[in-house]
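In what follows, a single structure is set out as structure tokens and then discussed.
The values are calculated or read from the model by the stated rules, or taken from the named source; none is laboratory data. Note that the structure is a prediction, hence the values are computed from the model and not measured. Here the Cβ positions follow ideal geometry from the backbone for every residue, glycine too, while neighbour counts run over all protein chains shown. The accessibility values were calculated without ligands, DNA or RNA, using every heavy atom of the protein model including side chains. Shrake-Rupley method; radii C 1.70, N 1.55, O 1.52, S 1.80 Å.
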Amino acid sequence: MPVVQFAIIIDGTQELSRSQYVCALSTTKGRIPGNYQVSSTTGQNIAKVACDVMTRLQLPLSQLRGQTYDGAANMAGRLQGVQAILRKEQPLAVYCHCGPHCVNLITQAVCGASPLVRDSMGLVHELGGFFNQSGKFKLIFQNIAKSEHGSTFTSLKPLCPTRWTVRTPAIRSVLKQYESVLMALEEMASCSSPETSAKANGLHGTFLKGNTVLCLLMAEDLMGDLEC
């Protein structure tokens, strides 16, 4: 049975224990073969894991024609990156910088070009963190949101620094429940410890500003198009 030429995608993640894992995807199979724990994230070590995965999947390195990763030095490095190490063994394995990762970098740059948009998104991130860290605020918001929106209310979440596809839901959650957010922050500011009250009051005052709403609508419009 002839072996089809193939390409690989490699990305990294961490589990709750903070152990580093590498997830390799073979475009030939169209599926993720598995998560593999790595002892270190050097290019040499990840390349070794990639070769082991290909061997297990019976995909010979001689048929590798493409590889795509993010732009980190250990992956894309000209000398010691995974792409360089694999190309030493198989020169036909052309490397391309991951398209979605490029889009993510462009999106961050575009939003960062406007201080108002950047700061408004930072507020959403801070609000999501406040929601996750304070059980009292979470309960207050949930009670208010449920009374206003019923079963359609959604939790508040911080923005993910690396995945743009989860940013739009976080922004939309705030915009669609804006009044509930303001009411919860106002109540939190009046019935908490001085430090927590100050934080809630500061967020409340900033979310009251028209610039915040306008910039979040702009950010939602940009991020929403990128999700399509």
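Filter region 73-98 down to the residues that are small (Gly, Ala, Ser) and either in contact with a helix residue (DSSP H, G or I) (Cβ under 7 Å, 6 or more places away or on another chain) or surrounded by 16 or more Cβ atoms within 10 Å (Cβ to Cβ) (or both) and list them by number. Quick ask: steps written out before the conclusion?
We begin by selecting, within region 73-98, every residue small (Gly, Ala, Ser); these are 73, 76-77, 81, 84, 93.
ALA76, GLY77, GLY81, ALA84, ALA93 - these are the residues of region 73-98 that are small (Gly, Ala, Ser) and either in contact with a helix residue (DSSP H, G or I) (Cβ under 7 Å, 6 or more places away or on another chain) or surrounded by 16 or more Cβ atoms within 10 Å (Cβ to Cβ) (or both).
Mind counting the residues in region 189-207 that are closer than 21 Å to ASN143 by Cα and either open to solvent by 10 Å² or more (accessible area, probe 1.4 Å) or of a type in the set (Ser, Thr, Tyr) (or both)? Even if it seems obvious, please write down each step before you answer.
Filtering region 189-207 down to residues closer than 21 Å to ASN143 by Cα leaves 189-193, 196-197, 199-201, 203-204, 207.
So of that shortlist, the ones also either open to solvent by 10 Å² or more (accessible area, probe 1.4 Å) or of a type in the set (Ser, Thr, Tyr) (or both) come out as 189-193, 196-197, 199, 201, 204.
Summing the residues that are closer than 21 Å to ASN143 by Cα and either open to solvent by 10 Å² or more (accessible area, probe 1.4 Å) or of a type in the set (Ser, Thr, Tyr) (or both) in region 189-207 gives 10.
Residue-wise test of (1) at pLDDT below 85; (2) surrounded by fewer than 19 Cβ atoms within 10 Å (Cβ to Cβ).
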site	(1), (2)
ILE144	no, no
SER151	yes, yes
THR162	yes, yes
THR168	no, no
ARG172	no, yes
SER180	no, no
ALA184	no, no
GLU187	no, yes
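I'm checking my understanding of the structure. Among residues of region 54-72 that are buried (at least 19 other Cβ atoms within 10 Å of the Cβ) and farther than 15 Å from CYS98 by Cβ, which one is modelled with the highest pLDDT?
The qualifying residue modelled with the highest pLDDT is LEU64.
For region 66-86, name all the residues that are more than 20 Å from the chain's Cα centre (by Cα) and closer than 14 Å to PHE6 by Cα.
Those that are more than 20 Å from the chain's Cα centre (by Cα) and closer than 14 Å to PHE6 by Cα: GLY66, GLN67, LEU86.
Do you know which residues across region 198-219 are closer than 13 Å to LEU127 by Cα and either among the small types (Gly, Ala, Ser) or not in a helix (DSSP H, G or I) (or both)?
ALA200, GLY202, GLY205, listed by residue number.
Any residue that is modelled with pLDDT under 90 and not hydroxyl-bearing (Ser, Thr, Tyr) - is there at least one of those in region 73-81?
Step one: list which residues in region 73-81 are modelled with pLDDT under 90, which gives none.
Scanning region 73-81, I find no residue that is modelled with pLDDT under 90 and not hydroxyl-bearing (Ser, Thr, Tyr), so the answer is no.
How about region 127-142: which of its residues are buried (at least 20 other Cβ atoms within 10 Å of the Cβ) and more than 18 Å from CYS215 (Cα to Cα)?
Selection gives PHE130, PHE131, PHE137, ILE140, PHE141.
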